[in-house]
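Report on the following structure.
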Amino acid sequence: MDTKANVNIGPFSRGGYSRQGVKACDHDFHPEIVLKPFGIYLPALNENYFYFTDTNVTADFMVDALQDLWPKIKARFNPHTMVINADNEPENNSRRTQFMKRMVDFAINNCIFR
């Protein structure tokens, strides 16, 4: 579980190659919207799942994303245990009571414990 750098959405060019002419602004001063990506990576499968928000990435947003993804994982593998590698940012720090409360509630509600 990790957040990444903000992404400006608008008519901007990132300097890549295109077979057609691309219209882009000279500068990216005023993006249409700024999205904050949050990702969940499943290393055993080399799969990434991304969620985006136009507000701050909070502990609630992270757990909501996990709750959205969990039925898909459960349908494929029926796991009983989960290991979360978090980078200890302010939103998902183990001393962050909201994050820990939501994770414990998630584990209890989905029977993810032994």
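We did not get these values from a lab; they are worked out from the coordinates using the rules stated. Keep in mind it's a predicted model, so treat the numbers as computed, not measured. Note that we place each Cβ from the backbone using ideal geometry, even for glycine, and neighbour counts take in every protein chain shown.
HN-Hα J couplings of the stretch 52-62 from phi, Karplus 6.51/-1.76/1.60, θ = phi - 60°, integer Hz, Gly and Pro as x?
Result, ordered by residue: 10, 9, 9, 10, 6, 7, 10, 4, 5, 4, 4 Hz.
Classify the stretch 47-114 as rounded, prolate or oblate from the Cα gyration tensor: take a ≥ b ≥ c as the square roots of its eigenvalues, call it rounded if a/c is under 1.5, otherwise prolate when a/b beats b/c and oblate if not.
Working: a/c = 1.93, a/b = 1.29, b/c = 1.49.
In terms of gyration-tensor shape, oblate.
Using +1 at the C-beta of Lys and Arg and -1 at the C-beta of Asp and Glu, which of Leu69, Thr58, Leu35 has the Cα lying farthest in the positive direction of the dipole of the stretch 2-109?
Leu69
So, in the chain, how many Lys pairs have Cα atoms under 25 Å apart, if the pair is 8 or more places apart or on different chains?
On the way: Lys4/Lys36; Lys4/Lys72; Lys4/Lys101; Lys23/Lys36; Lys36/Lys72; Lys36/Lys101; Lys72/Lys101; Lys74/Lys101.
The number of close lysine pairs in the chain is 8.
Amide H of Gly10: which non-local residues (sequence gap of 5 or more, or other chain) have their own amide H closer than 5 Å, using H built in the peptide plane?
Amide H neighbours of Gly10: Glu32.
If you look at just the Cα atoms of the chain, how large are its Rg and its Dmax in Å?
17.8, 57
Mark the label point 7 Å from the Cα of Met82 along Cα→Cβ and return the residues of the stretch 42-65 whose backbone N is within less than 18 Å of it.
Backbone N within reach: 42-52, 58-65.
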